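The structure appears below as structure tokens.
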Amino acid sequence: MEDTTEEKSARNYLVSGRVQGVCYRMATVEQARRLGLTGWVRNLADGRVEVYACGSRAALDTLQAWLHQGPPMARVDSVGVSDSKPDKLQEFSIRH
């Protein structure tokens, strides 16, 4: 039986560095789905990547650690984090 005692949490992340044009969004989708998270990732006009993720705190912590590394071609300078309100999204996707 699935454990539903842990409350869903959500976070917004702003990732800076060489994070566009290096498959950062697709790799984030793959990582988030492996962790059972819902949400989205998108490129911002200023060169950063924004991530909204919803799920267990443990999964969010694991995603956050991964965001600091990203895929092999990325160079992450910083990851800003803020708590957010959980949404009822059904999957993790790329937003345009």
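The values are calculated or read from the model by the stated rules, or taken from the named source; none is laboratory data. Since we're looking at a predicted model, the values are computed, not measured. Don't worry about glycine lacking a Cβ; one is built from the backbone with ideal geometry, like all the others, and counts go over all protein chains shown. Accessible surface areas use protein heavy atoms only, side chains included; no ligands, DNA or RNA. Shrake-Rupley method; radii C 1.70, N 1.55, O 1.52, S 1.80 Å.
Annotations
- Full extension of the chain between A45 and Q69 gives 6.5 nm of extra length, using 0.36 nm per residue less the Cα-Cα distance.
- Rounded to the nearest 10 square angstrom, E91 shows an accessible area of 110 square angstrom against a 1.4 Å probe.
- Mean ellipticity per residue at 222 nm, deg cm²/dmol - from DSSP H runs of n ≥ 4 across the chain, formula -39500 (n - 2.57): -7000 deg cm²/dmol
- To the nearest 10, the accessible area of C23 is 100 Å² with a 1.4 Å probe.
- Here the dipole of the chain is about 360 debye; that uses its Cα centre as origin and unit charges on the Cβ of Lys and Arg (positive) and Asp and Glu (negative).
- Share of carbon and sulfur in the accessible area of the chain stands at 48%, probe radius 1.4 Å.
- Inter-label distance for S84 and R18, nm, one decimal - labels placed 7 Å from Cα along Cα-to-Cβ: 2.7 nm
- Karplus-derived HN-Hα couplings along the range 22-36 (A = 6.51, B = -1.76, C = 1.60, θ = phi - 60°), whole Hz, x at Gly and Pro: 10, 6, 5, 4, 4, 5, 5, 4, 4, 5, 4, 5, 4, 8, x
- Per-residue Karplus couplings for the range 48-63, computed as 6.51 cos²θ - 1.76 cosθ + 1.60 with θ equal to phi - 60°, are listed in order as 7, 10, 10, 10, 10, 9, 9, x, 6, 4, 4, 5, 5, 4, 5, 4 Hz, Gly and Pro entered as x.
- Cα gyration tensor, the range 11-53 - rounded (a/c under 1.5), prolate or oblate: oblate
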